[in-house]
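Trainee: Please see the structure below; I have some questions.
The values are calculated or read from the model by the stated rules, or taken from the named source; none is laboratory data. Bear in mind that the values here come from a model prediction, so they are computed numbers and not experimental data. Accessible surface areas use protein heavy atoms only, side chains included; no ligands, DNA or RNA. Shrake-Rupley method; radii C 1.70, N 1.55, O 1.52, S 1.80 Å.
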Amino acid sequence: QVQLVESGGGVVQPGGSLNLSCTSTGTFQRINTTGWYRQAPGKQRESVAQITGAGDTNYADIVKGRFTISRDGAKIAAYLQMKGLEPEDADVYYCSATGRTRTYWGQGTQVTVST
């Protein structure tokens, strides 16, 4: 069974940090890009950060300078280091892995930023 599993979400105060992890099981297509998205209730899922197999990264403007994406080149795994979290960052965060013909998704991990 092909599966992406996120972990590391939780509750943090404004200005705090969290580190998200995404691990995989099963046999995937060759993956070109892994990334993180987030989605609030009633809103569209939006890209947070992407990283290619070559290590090139792309960030949403709203998280630049605060979030850092990385990956494990030996397997399908991605990480998101989040610093300076703001209430607006509170969402469900999803890991994605994009191959030639499809994108795989995890089930999401909740990030809550609250006093």
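Trainee: Could you identify which residue out of P14, P87, P41 has the top mean-square fluctuation in a GNM of the chain using Cα springs shorter than 10 Å?
Mentor: P41
Trainee: I'd like to check one number: the per residue accessible area of the chain, probe 1.4 Å, reported in Å² as a whole number.
Mentor: Working: 6370 Å² over 115 residues.
Ligands and nucleic acids excluded, the figure is 55 Å² per residue.
Trainee: Between K83 and S17, what length in nm is gained on full extension when 0.36 nm per residue of separation is reduced by their alpha carbon distance?
Mentor: Gain in length upon complete extension: 23.3 nm.
Trainee: So what's the projected area for the chain, the Cα convex hull averaged over all directions, in nm²?
Mentor: Hull-based average projected area comes out at 6.9 nm².
Trainee: Tally up the carbon and sulfur contribution to the accessible surface of the chain as a whole percent, 1.4 Å probe, everything protein left in place.
Mentor: 44 percent
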